[in-house]
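**Q** This structure is in structure tokens; I'll ask about it shortly.
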Number of protein chains: 2
Amino acid sequence: MPKFERHVFVCQNARPAGAPRISCAKDGVTDLAPQLQQHSRAAGLKGRVRINKAGCLDQCEHGPVVVVYPEAVWYGNVQPGDAEEIVLEHLVGGRPVERLRLAEECLNTDSCPHRPA
Amino acid sequence: MPKFERHVFVCQNARPAGAPRISCAKDGVTDLAPQLQQHSRAAGLKGRVRINKAGCLDQCEHGPVVVVYPEAVWYGNVQPGDAEEIVLEHLVGGRPVERLRLAEECLNTDSCPHRPA
């Protein structure tokens, strides 16, 4: 087993109260990476898929944010309750979860209408 | 500018002293992500390439470890002084830095001879 078949990064960024951009690591998100890990192990993906904690992924207005490589599928507003669906549909089945995908017009661009001016 | 052209993850894991596996975040590695960020900005890659901090990438014996997606190129024993070469050769030029690549027989496998038994 060489490279991971998929490598999943879960933003853990927490800003101080009052920061202009919001934080992925707000209430509940601390459960997201462990939930993904638990469902991934249960699905037999240990060693093939890695669920990784990450610093700020810079899509803050759409957090909690997750990105899956090598296909570069971005998810936004992911809740711990979404973890099982992401694992079974995407990581096992190879079908990204469309309802959670971050809109192309919001991804990695200052013109995203949700960013502060 | 939609998806990042490249997304670079730099392990920041620090274990307590005496842990069986070593840590990427030992002396000096705290300078690695900032060095990559600085050279990336200087090369005009802001917004196109993201240098990201990451939790444990699980290749601990070869740390400090860096992985570049979407091509899934893994680097080991990366020092802050290697940052400029990675940026100019790989992130700008598209040529991975072969001397820093993690050996295939060590990547993501319990049979890596450098792992503790």
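**Q** Considering only protein heavy atoms, with the full assembly of protein chains and a 1.4 angstrom probe, order A:T109, B:T30 by accessible area, largest first.
**A** B:T30, A:T109
**Q** Let's see if you can work this out: charge +1 on each Lys and Arg Cβ, -1 on each Asp and Glu Cβ, no other charges. What is the dipole magnitude of chain A about its Cα centre, in debye to the nearest 20?
**A** With Lys and Arg at +1 and Asp and Glu at -1, about 460 debye.
**Q** Considering only DSSP beta bridges with both partners in chain A, what is the antiparallel share in %, to the nearest 5?
**A** Around 55 percent of the beta bridges assigned by DSSP in chain A are antiparallel ones.
**Q** Please give me, ordered by residue number, the trypsin sites (Lys or Arg not before Pro) of segment A:40-113 that lie in loop per DSSP and have at most 16 other Cβ atoms within 10 Å.
**A** Here the trypsin sites (Lys or Arg not before Pro) that fit, given the DSSP loop and packing criteria, are A:R48.
**Q** Ignoring everything except DSSP H segments at least 4 long, calculate the 222 nm mean residue ellipticity for the protein assembly as shown; use -39,500 (n - 2.57) per segment, divide by total residues, nearest 500.
**A** Mean residue ellipticity, 222 nm, calculated: -3000 deg cm²/dmol.
**Q** Under 18 Å Cα-Cα from B:K26, which aspartates and glutamates qualify once same-chain neighbours fewer than 8 residues away are excluded?
**A** B:D58, B:E61, B:D82
**Q** Taking the alpha-carbon centroid of each part, what is the distance from segment A:91-117 to segment A:1-22 in angstrom?
**A** 14
**Q** In a GNM of chain B with a 10 Å cut-off on Cα contacts, which of B:P16, B:P70, B:P34 has the highest mean-square fluctuation?
**A** Its mean-square fluctuation being the largest, the pick is B:P16.
**Q** Shifting gears a bit: Between A:E105, A:E84, A:E61, which gets the highest mean-square fluctuation from a Gaussian network model of chain A, Cα cutoff 10 Å?
**A** Between A:E105, A:E84, A:E61, it is A:E105 that shows the largest mean-square fluctuation.
**Q** So for chain A, what percent of the C-alpha to C-alpha distances run longer than 22 Å?
**A** Percentage above 22 Å: 30.
**Q** Comparing A:C24, A:C11, A:C56, which has the greatest mean-square fluctuation in the GNM of chain A with Cα pairs linked when under 10 Å apart?
**A** A:C56
**Q** Work out which residues of segment A:41-59 lose at minimum 10 square angstrom of accessible surface when the other protein chains are put back, relative to the chain isolated, with a 1.4 angstrom probe, and list them by number.
**A** A:R50, A:N52, A:K53, A:A54, A:G55, A:C56, A:L57, A:D58
**Q** Please pull out the direction-averaged projected area of segment B:4-54, using the convex hull of its alpha-carbon atoms, in nm² to one decimal place.
**A** Computing the convex hull of the Cα atoms and averaging its projections yields 3.7 nm².
**Q** In degrees from 0 to 90, rounded to the nearest 10, what is the angle of the helix A:32-42 Cα long axis to the longest principal axis of chain A?
**A** 10
**Q** If the viscosity is 0.692 mPa s and the temperature 37 °C, what translational diffusion coefficient in µm²/s does Stokes-Einstein give for the protein assembly as shown when Rh comes from Kirkwood over Cα pairs?
**A** The estimated diffusion coefficient comes to 180 µm²/s.
**Q** While we're here: Report the local net charge at B:G44: Lys and Arg +1, Asp and Glu -1, summed over other residues whose C-beta lies under 15 Å from its C-beta.
**A** +3
The values are calculated or read from the model by the stated rules, or taken from the named source; none is laboratory data. Here the structure is a predicted model, which means the values were calculated and not measured. All Cβ positions, glycine included, derive from the backbone under ideal geometry; neighbour counts span all protein chains shown. Surface accessibility is based on the protein's heavy atoms, side chains included, excluding ligands, DNA and RNA. Shrake-Rupley method; radii C 1.70, N 1.55, O 1.52, S 1.80 Å.
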